[in-house]
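See below for the structure under consideration.
Each value in this text was obtained by applying a stated rule to the coordinates, not by laboratory testing. Note that this is a predicted model, so its numbers are computed, not measured. Cβ atoms come from the backbone with ideal geometry, glycine included; neighbour counts cover every protein chain shown.
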Amino acid sequence: MPVRTKYMAIAAALVVSGGISGTVFADKLETTSQSVFAAPSISSSTTSTTPPVASSSTTSTTVAVVVPQLPHKSGAGRRVVYSNKSGQVWVVNAAEQVIRTFLVSGRLGVPSPGNYKVFSQSMSSYSLELPGATFRYMTRFAIGPHGGNVGFHDIPLRYGRPLQTVDQLGQFLSAGCLRSATADASFIFNWAKAGTPVVVVL
């Protein structure tokens with residue numbers, strides 16, 4: 001007869017600055033069917049054996065994802081927030097709701113903490129500091145220590161090969177810009193037009 005096991009996990013509550021809070025719940029229900037095999041019937045004159053038939057087994061799992069908390073004192077209103085230390089980016093709408101968050105690879109201390117604004121964008125661009133490196137969805141919002149632009153873009157290709165993997169996002173691997181997965185760079189490119197505030201915190 002079927003044996004069922006049920007497990008319920010509740011993820012921790014996420015508290016976001018600006019008075020926004022939410023709780024993420026995850027349910028996990030696993031149902032495993034164990035087969036019961038009938039003993040073969042035996043008569044005095046004939047012996048017949050019925051092969052055991054195994055029933056199907058189904059397992060389903062739901063994973064709860066806890067969103068990193070928006071840093072305190074990271075501005076107000078519609079904006080992009082970047083934590084240089086953690087490599088985390090938050091996209092915040094006018095209602096103070098975090099609508100997207102993701103990891104980037106930047107450079108330690110670049111740009112300095114402060115308030116910036118998007119000032120230009122390019123669908124494709126290239127690096128002045130790394131010959132042969134190109135990237136897409138460039139959204140510029142700051143100037144680096146050597147006079148170069150700092151912005152969001154996808155992982156660069158150098159002579160057709162990516163300079164890092166998506167799994168390495170969050171590490172300090174960039175000369176100054178904020179590298180992200182292509183989907184996230186594209187989102188910023190379309191959401192954060194010229195004049196959009198970008199708040200950089202430690």
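Magnitude of the charge dipole for the stretch 79-201, about its Cα centre and with charges confined to Cβ atoms of Lys, Arg (+1) and Asp, Glu (-1), is about 140 debye.
For Arg158, the shell of other residues with beta-carbons less than 15 Å away shows a net charge of +1, using +1 for Lys and Arg and -1 for Asp and Glu. Going by the alpha-carbon gyration tensor, a ≥ b ≥ c the square roots of its eigenvalues, is the stretch 81-202 rounded (a/c under 1.5) or, if a/c is not under 1.5, prolate (a/b greater than b/c) versus oblate? The shape class here is rounded. Near Ala94, once Lys and Arg are set to +1 and Asp and Glu to -1 for all other residues with Cβ below 11 Å from its Cβ, the sum equals +1.
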